[in-house]
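Let me begin by presenting the structure, written as structure tokens, before commenting on it.
Rule-based calculations on the coordinates, nothing more; no lab input. Note that the structure is a prediction, hence the values are computed from the model and not measured. Note that each Cβ is placed from the backbone with ideal geometry, even for glycine, and that neighbours are counted across all protein chains shown.
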Amino acid sequence: MTAELVHLDLAGAVATVTLDSPSNRNALSRQLMADLDRHLTAALGDDRVRVIVLTGAGPVFCSGADLKEQRTANESGSGQTGPGGLVSTLKAMWNSPKPVVGRINGPARAGGLGLVAACDIAVGVDGATFGFSEVRLGVVPAIISVVCLPKLGPTKGMELLLTGEPFDASEAARLGLINAAVPAEKLDEAVGGYVAQLLKGAPNALAECKRMVREVPTMPMDEAFDRMAVLSARLFASEEAREGMTAFAEKRSPRWSA
């Protein structure tokens, strides 16, 4: 039986999904993408899970597409091109009602940047580098542009996608691709801090916040005000709001349901 290339670990309300394919620097092979999709689906469907952490094993987070696998597909004429399953994975992360926190343990290239950008919050180690290397291979970062460009913007996005030049974690944080760059020995502390903050929030409120951040900037102002007024009224009348306000009045932590 083939060993899985992605692991899922559950600790309390936190599911950690770990890319673990050291032979190809956690590249997006078809097996890795299938394993990743399976574990993300499991974490999203588990009522015990409130926060998902995505990370990599070893010194690299993700090196992008599995080029050896791609060359084999090209030579065989199988027609299987690009990282299989990446669209569904990025959609699942982007639309997940549960916050996804990226623990970026090392360099990320090409498709690996799509995984970084699809996280809601991401922390990278200082030594990590990032790069859209696709043009130097004769391809383009087509699929990942959907999640990367909203964070980078058109001006910097144009520069990074056209040049393929790598950039460091501090620059990635300055651009908004990740939230913070920290020394390696502080990575778990920083990720844990974000996770602890997220666990204080109500599950449905967190899901609606994610939706707002994605959708409000794309709406005309009048539509945005109309839709957000309806959302506000609905949430203020919700069971979560009643529990949150009662807990505040009673000076205790809220007891959120899944």
How much length would be gained if the chain were fully extended between residue 213 and residue 255, taking 0.36 nm per residue of separation minus their Cα-Cα distance, in nm to one decimal? 12.6 nm
Keeping to pairs on different chains or 8 or more places apart, tell me how many lysine pairs in the chain have Cα atoms under 19 Å apart. 7
Residues 7, 39 arranged by fewest to most Cβ contacts within 10 Å: 7, 39
Could you give the semi-axes, largest first, of the ellipsoid that matches the stretch 203-249, computed as the square roots of 5 times the alpha carbon gyration tensor eigenvalues and rounded to whole Å? 24, 12, 7
Could you give the longest part of the chain that holds none of the trypsin sites (Lys or Arg not before Pro) found in DSSP loops with at most 16 neighbouring Cβ atoms within 10 Å? 49-199
Nitroxide proxy distance, nm - points 7 Å out along Cα→Cβ at residue 242 and residue 142: 5.1 nm
The chain - Rg over Rh from alpha carbon coordinates, Kirkwood radius: 1.00
